[in-house]
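Inspection log for the structure reproduced underneath, given as structure tokens.
The values are calculated or read from the model by the stated rules, or taken from the named source; none is laboratory data. None of these values were measured; they are calculated from a predicted model. Reconstructed Cβ throughout: ideal geometry from the backbone, glycine too, with neighbour counts over all protein chains shown. Only protein heavy atoms, including side chains, enter the accessible area calculation; ligands, DNA and RNA are left aside. Shrake-Rupley method; radii C 1.70, N 1.55, O 1.52, S 1.80 Å.
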Number of protein chains: 2
Amino acid sequence: MLTTRKTNRRQLILDEAAKLFKQKGFGGTSMRDLAREVGMEAASMYNHIKSKDEILDLICTRIAHTYISQLAEIEQTEASYADKVKALIRLHIRLMIEDGAAVSVANHDWKYLPEPQLTAFKDARKNYEKGFAALIEQGIAAGEFQPVNVSVALFTILSAVRWVELWYRPGRELSAEELEDHIITMLLTGLAK
Amino acid sequence: MLTTRKTNRRQLILDEAAKLFKQKGFGGTSMRDLAREVGMEAASMYNHIKSKDEILDLICTRIAHTYISQLAEIEQTEASYADKVKALIRLHIRLMIEDGAAVSVANHDWKYLPEPQLTAFKDARKNYEKGFAALIEQGIAAGEFQPVNVSVALFTILSAVRWVELWYRPGRELSAEELEDHIITMLLTGLAK
DNA sequence: CTTCGACAAACTAATGTTTGTTAGCTTAAT
DNA sequence: ATTAAGCTAACAAACATTAGTTTGTCGAAG
């Protein structure tokens, strides 16, 4: 095929790496493990990628960019703050379902990034959190939200959305959309009657 | 001193190990790293512990037992279901603050446990979740909670409480108790007005 | 003829652990 | 009190294994 080109082999390596990193962690995955999954010798992979660290960087950077660009898009919307926050929650859940392995890696293994990229990743995440927090803050100011502690609300939402990776399986009782609805209900209206 | 006995050296190793495992992960921490922190050669530590795996097991098992015994204690209380759930949330937050390193290890590095202990740990966690879920279920049946999806509520709570490890620093604006109150408010009454 | 992508083999560094040894303490017999 | 034996916990050195990566080679495709 013509489509079995450079980019595909490289992407195959990145995809399998994300799966293995999620399963066994960055340190727990050897290049030989990865090579077996890709169907290639470890040495051969170096024709497509520069290093194991580069694999991690490419995965983390892609996810970070996705979040940041989607946030920017939602910010420009003219919806209410409540709807913007809901949209962000939906984004997190959907990304976790559609690209779960990579998101898990960006959530857990980012700390193994080598130094120039580590700082870049942390800065990107900090910016994202700042933008998210601003929406909550403005929502409170606009009277759409209760006057909660903004940091507590932000990190409760960000964390509450992470368990999807451990729990959601495509053929489960809940569809993706139902799951989003349930989580949003839980976070916005709470458990108590 | 008389108190510089067997148990203390061993406990020192476990404590420093928890800190390092939290910081750099189980795989990212070498026995030589740990030895330097303890103030001893790597070989010397084997007079106190059997293996690196045993260190991980001792940390994870201790935390698992803490959660399980505390759950049993709360279950026997005669409080409302809402109060029992609140007590469990407080337990998680307090344990995270007081024993943060070990809790982090039990949350993240349990998957590196060797096989007989891995299954034991997963079973223990499953049992804990079952007991927690039962409280939510009974709370709904008793009309104390909204009729939410029990699994969604359970894992939202369990996850929402984890970020404390990444965020809380003793000298922060919020005291431990204030933090508990804020998180409980967020989870029980939600963000929306 | 050149390029690409695969491979086997080897390299260096680091890993968890074992071994052999030794200094210092405790204990009990002399 | 002194000595001898035994135990504890430290160390240096070495072990086998595994890690990520480099090198040289070779066939196939353009």
Report task. Note down all Cβ pairs under 7 Å where the first residue falls in segment B:27-47 and is over 13 Å from residue B:14 (Cα atoms), the second is open to solvent by 100 Å² or more (accessible area, probe 1.4 Å) and near DNA strand C (Cβ under 8 Å from one of its atoms), and they're at least six residues apart or on different chains. Result -> B:42/B:32
Query raised in the report: If residue A:74 passes every condition in (1) of a type in the set (Val, Ile, Thr); (2) more than 22 Å from residue A:111 (Cβ to Cβ); (3) modelled with pLDDT under 95 but one, which one does it miss?
Result: (3)
Report task. For segment B:137-158, indicate whether the set of residues that are of a type in the set (Phe, Trp, Tyr) and more than 8 Å from every other protein chain (Cβ to nearest Cβ) is non-empty. Result -> no
Requested in this report: Output the number of residues of segment B:109-131 satisfying the condition of being over 16 Å from residue B:58 (Cβ atoms) and open to solvent by 50 Å² or more (accessible area, probe 1.4 Å).
Outcome: 9
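With within 16 Å of DNA strand D (Cβ to nearest atom) and surrounded by fewer than 19 Cβ atoms within 10 Å (Cβ to Cβ) as the only criterion, which of A:94, A:32, A:62 stands out? Reasoning before the result, please.
Details: A:94 fails: within 16 Å of DNA strand D (Cβ to nearest atom); A:62 fails: within 16 Å of DNA strand D (Cβ to nearest atom).
Step by step, each of A:94, A:32, A:62 is checked, and only A:32 is within 16 Å of DNA strand D (Cβ to nearest atom) and surrounded by fewer than 19 Cβ atoms within 10 Å (Cβ to Cβ).
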Query raised in the report: Among (1) without any contact (Cβ under 8 Å) to a residue 24 or more places away in the chain; (2) of a type outside the set (Ser, Thr, Tyr); (3) more than 14 Å from chain A (Cβ to nearest Cβ), which single condition is residue B:60 missing?
Result: (1)
Report task. Would you please list the contacts, defined by Cβ atoms under 9 Å and residues six or more apart or on different chains, that run from a residue in segment B:139-152 that is over 18 Å from residue B:75 (Cα atoms) to a residue that is buried (at least 16 other Cβ atoms within 10 Å of the Cβ) and of a type in the set (Gly, Ala, Ser)? Result -> B:146/A:190; B:146/A:192; B:146/B:153
Query raised in the report: If you check residue A:85 against the conditions, is it crowded, with 19+ Cβ neighbours inside 10 Å and under 26 Å from residue A:16 (Cα atoms)?
Result: no
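Across segment A:154-180, what is the total count of residues that are assigned to a loop (DSSP other than H, G, I, E, B) and under 30 Å from residue A:127 (Cα atoms)? Please lay out each step first, then the result.
Residues of segment A:154-180 assigned to a loop (DSSP other than H, G, I, E, B): A:161-163, A:168-175.
Checking the rest, the ones that are also under 30 Å from residue A:127 (Cα atoms) come to A:161-163, A:168.
Residues in segment A:154-180 being assigned to a loop (DSSP other than H, G, I, E, B) and under 30 Å from residue A:127 (Cα atoms): 4 in total.
Listed here are the residues, each with its yes/no results for (1) within 14 Å of chain B (Cβ to nearest Cβ); (2) more than 12 Å from residue A:165 (Cβ to Cβ); (3) within 9 Å of the chain's Cα centre (by Cα); (4) not small (Gly, Ala, Ser).
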residue	(1), (2), (3), (4)
A:74	no, yes, no, yes
A:83	yes, yes, no, yes
A:89	yes, yes, no, yes
A:95	no, no, yes, yes
A:99	no, no, yes, yes
A:108	yes, no, no, yes
A:120	no, yes, no, no
Query raised in the report: What tally of residues in segment B:164-184 results from selecting those that are at the interface with chain A (Cβ under 7 Å from one of its Cβ atoms) and free of Cβ contacts under 8 Å to residues at least 24 places away in the same chain?
Result: 2
